[in-house]
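A short worksheet on the structure shown next.
The values are calculated or read from the model by the stated rules, or taken from the named source; none is laboratory data. In this text the structure is predicted, and so the values were computed from the model without any measurement. No Cβ is skipped: glycine too gets one built from the backbone with ideal geometry, and neighbour counts run over all protein chains shown. The accessibility values were calculated without ligands, DNA or RNA, using every heavy atom of the protein model including side chains. Shrake-Rupley method; radii C 1.70, N 1.55, O 1.52, S 1.80 Å.
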Amino acid sequence: MVTTDMDVAAIPASALKGVGPKLREKLERLGWHTVQDVLFHLPFRYQDRTRLQPIGSLRPGQEALISGTIELADVVFRGRRNLLCRLSDGTGHLTLRFFHFSSAQQQNLERGRVLRCFGEVRAGSSGLEMIHPEYELLDDAAAPQPEMTLTPFYPTTEGVHQLTVRKLVGRALDLHLARLPELLPEALLQELRLPTLQEALVFVHRPPPGADLAELEQGRHPAQQRLVFEELLAHHLSLKRLRARLQRQPAPPFEKRDTLTRQLLAALPFTLTAAQQRVLDEVRTDLHQSHPMQRLVQGDVGSGKTIVAALAAVMAVESGYQAGIMAPTELLAEQHWRNFLHWLQPLGIEVAWLSGKLSAKNRRSMLELIASGRAPVAVGTHALFQAEVEFARLGLVVVDEQHRFGVHQRLQLREKGRRQGLVPHQLIMTATPIPRTLAQAFYADLDVSVIDELPPGRKPVDTVVVSDQRRDEVVARVHAACRDGRQTYWVCPLIEESELLEAEAATATAAALTTALPELRIGLVHGRLKPAEKEAVMREFKDGRIQLLVATTVIEVGVDVPNASLMIIENAERLGLSQLHQLRGRVGRGAAQSSCVLLYHAPLSENARERLAILRQTHDGFEIARRDLEMRGPGEVLGTRQTGEQAFHIADLVRDQRLLPKIDAAAQRLTDNAPECVTPLIRRWLGVREHYGEV
Ligand code: ADP
Ligand code: MG
């Protein structure tokens with residue numbers, strides 16, 4: 001590590017000349033606390049003002065610096081006053097158009113004057129135009145020279161001008177860049193053909209004339225890739241460190257008894273699939289260790305993760321410990337509770353239930369059951385991990401459908417689970433399988449198991465894509481299915497992040513369907529209903545008293561009603577593939593052949609058509625997630641978009657996939673050869689967020 005007298009991460013941004021208290025406050029909103037933050041504040045686009053473009057070579061849409069002589073200047077009325085100047089440079093001509101202008105401006109812009117302009121070229125009614133370009137009169141002796149570097153544009157915030165940001169970044173570069181330590185070994189950089197940190201930062205802030213603008217704006221330039229690499233490495237090191245720390249914590253090793261697990265297996269109406277058995281063995285091996293299990297179980301919708309969790313819980317109980325099972329929604333938590341009751345009560349294991357909707361009295365008695373240890377298993381929503389919930393001997397935490405929680409929440413949960421000096425084992429389950437390289441980047445602190453097999457006898461869900469102009473036919477199909485004793489879901493998702501709008505859409509659809517199908521019993525669930533109301537409707541649907549259930553995406557995860565064999569999904573083109581796959585997984589659980597109708601609103605873009613076709617072709621959640629990732633990005637796939645969690649500053653896991661396989665080896669090398677660089681690297685990129693990693 002190159003050391004310097006003063007770390008730029010220790011110099012406040014306000015030390016830069018020109019930053020007073022007012023500006024400082026605004027800059028805080030940009031995330032500028034230290035000079036290091038300023039140096040790492042990267043442009044999102046550039047303009048090329050380094051050279052003049054011949055007017056004859058311009059294309060609409062391009063931003064260009066041009067110069068020429070005014071051949072004609074005129075004020076015309078086109079609804080309002082327009083000042084038009086025809087500018088020519090010998091290679092072609094172009095019209096400058098001003099809607100607002102002073103009389104002084106009008107006088108300046110007269111025939112014969114020589115101008116230099118910068119602006120966006122557009123196709124106008126009589127050839128190329130620039131509207132309100134920036135301009136300078138060149139016959140002014142003081143006209144500045146073209147810029148020496150490409151002009152950067154930075155993300156900024158209200159009340160802070162682009163020019164201010166540019167000026168301050170320039171100052172930080174001139175005065176402080178030299179103090180920024182290089183944390184990556186030279187040999188590594190050479191192998192990867194990446195520039196040094198200082199070279200990279202100078203390049204991205206001040207690209208030289210001729211730098212490839214398209215490459216820069218896509219973030220693919222080696223200078224940017226160098227920064228991306230460092231960021232990915234920092235995240236990876238942070239997760240690895242978290243894992244290493246966790247491995248040093250004491251956890252209760254479970255005993256090798258298996259009377260109760262055998263009893264449970266014997267009572268099941270099915271035998272485990274080979275994949276379930278394999279994953280269960282992996283879990284069992286972990287649970288015998290005296291450091292905490294950190295295992296992620298990925299398994300497609302319907303692959304049977306719940307029973308694996310139940311068996312793990314029984315292992316805890318058999319060793320005298322408690323297990324807490326947490327699900328992301330009331331609906332799902334309650335379903336787990338019922339399953340667990342069904343499986344565990346015959347073994348004499350009491351199962352407590354905790355959710356936000358319990359009455360104060362019930363809640364107290366549940367808390368008592370958990371605290372006294374009389375309930376060895378507790379199932380619930382996040383309510384389970386609130387401060388006042390005290391477990392007597394918590395040994396295992398199961399988190400279902402983790403993708404709903406986001407990475408940081410997962411780490412926080414781990415903290416919550418810790419009691420009395422012992423860290424409980426943790427089993428995380430998700431039906432959103434993610435590709436291996438992505439899993440390595442995101443879950444470097446976890447071991448991963450995969451249930452890659454569905455129980456026998458499942459028939460793939462027949463999937464069709466239908467325009468909503470043919471809604472009547474779809475309604476008739478619903479009618480026929482329900483008349484035959486089958487049940488149907490009608491899902492109304494909205495992309496807007498508003499539960500209210502989503503609820504309104506579902507309510508309107510339910511009303512319309514009630515009119516169209518008066519003889520059917522139709523129910524409605526959405527996120528704005530009270531939990532008790534939601535529960536009542538779901539119960540009626542489960543019991544077959546409701547034939548058609550109109551729902552928002554609240555039913556997305558986990559809900560299990562085997563007699564439901566038809567699903568209609570509206571606005572399908574606006575949902576992620578993995579989400580559609582999850583929804584579709586609600587049907588195809590019983591003996592009947594199931595179908596899923598993806599309704600779209602025409603016209604369908606080429607991209608959307610391709611995406612929906614994927615769902616018709618495959619039922620493999622991994623394949624679907626891989627394609628979703630390619631087409632929509634990791635935020636969708638990992639669900640971090642929903643939790644509002646921004647994982648990376650500049651890395652983009654789709655664009656930068658190529659780098660991912662190199663990260664693990666680089667992390668290892670750095671840890672072996674330059675261990676003193678690890679902490680500064682993590683600090684540089686994760687800053688305060690790293691405290692989630694303190695175990
Ligand atoms: P998911 O992995 O989506 O959470 P579930 O655990 O809800 O799936 O299981 C889906 C259904 O499959 C449940 O009704 C469950 O009882 C059943 N199931 C689980 N394992 C098997 C198996 N090995 N054979 C047959 N059915 C199974
Ligand atoms: Mg499940």
**Report entry** Candidate set from the stretch 407-460 (those that are of a type in the set (S, T, N, Q) and within 16 Å of ligand 1 (Cβ to nearest atom)); member that is modelled with the lowest pLDDT
**Finding:** Thr432
Requested in this report: Hey, can you tell me all the residues within the stretch 1-25 that are part of a helix (DSSP H, G or I) and open to solvent by less than 80 Å² (accessible area, probe 1.4 Å)?
Outcome: Val8, Ala9, Ala10, Ala13, Ser14, Ala15, Leu23
Query - Counted residues, the stretch 254-275 - those being open to solvent by less than 70 Å² (accessible area, probe 1.4 Å), away from ligand 1 (no atom under 16 Å from the Cβ) and at pLDDT 95 or above - result: 2
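Residue-wise test of (1) among the β-branched types (Val, Ile, Thr); (2) outside any loop (DSSP other than H, G, I, E, B).
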site	(1), (2)
Leu427	no, yes
Thr432	yes, no
Leu438	no, yes
Pro455	no, no
Thr463	yes, yes
Arg470	no, yes
Cys482	no, yes
Query raised in the report: Given the conditions (1) farther than 30 Å from Arg684 by Cβ; (2) within 16 Å of ligand 2 (Cβ to nearest atom), which single one is not true for Leu296?
Result: (1)
Report summary line: Of the residues in the stretch 141-174, those that are free of Cβ contacts under 8 Å to residues at least 40 places away in the same chain and either touching a Ser or Thr at 6+ places or on another chain (Cβ under 8 Å) or over 24 Å from Phe99 (Cα atoms) (or both) come to Ala141, Ala142, Ala143, Pro144, Gln145, Gln162, Leu163, Arg166, Gly170, Asp174
Report summary line: For helices (runs of 4 or more DSSP H) lying entirely in the stretch 118-230, having 2 or more residues that are farther than 15 Å from Asp48 by Cα picks out 162-176, 186-192, 197-205
Requested in this report: Check Arg539 against each of (1) closer than 24 Å to Glu401 by Cα; (2) in contact (Cβ under 8 Å) with a residue 24 or more places away in the chain; (3) surrounded by fewer than 16 Cβ atoms within 10 Å (Cβ to Cβ) and name the one condition it does not meet.
Outcome: (2)
Report task. Determine whether Val317 is hydrophobic (A, V, I, L, M, F, W, C), within 12 Å of ligand 1 (Cβ to nearest atom) and open to solvent by 10 Å² or more (accessible area, probe 1.4 Å). Result -> no
Report summary line: In the set Thr329, Thr306, Thr261, the lone residue that is in contact with a helix residue (DSSP H, G or I) (Cβ under 9 Å, 6 or more places away or on another chain), more than 16 Å from ligand 2 (Cβ to nearest atom) and polar (S, T, N, Q) is Thr261
**Report entry** Subset of the stretch 325-348 [out of contact with any strand residue (DSSP E or B) (no Cβ under 6 Å at 6 or more places or on another chain), more than 11 Å from ligand 1 (Cβ to nearest atom) and within 20 Å of Val389 (Cα to Cα)]
**Finding:** Pro328, Thr329, Glu330, Glu334
Report summary line: Going through the stretch 26-66 in order, the residues found to be in contact with a helix residue (DSSP H, G or I) (Cβ under 9 Å, 6 or more places away or on another chain), of a type outside the set (Lys, Arg), surrounded by fewer than 20 Cβ atoms within 10 Å (Cβ to Cβ) and more than 26 Å from Ala178 (Cβ to Cβ) are Gln47
Query raised in the report: Taking the condition modelled with pLDDT under 95, surrounded by 18 or more Cβ atoms within 10 Å (Cβ to Cβ) and away from ligand 2 (no atom under 16 Å from the Cβ), does Gln335 pass?
Result: no
Report task. Pick out the one residue from Gln218, Gln249, Gln298, Gln294 that is within 32 Å of the chain's Cα centre (by Cα), open to solvent by 40 Å² or more (accessible area, probe 1.4 Å) and modelled with pLDDT under 95. Result -> Gln218
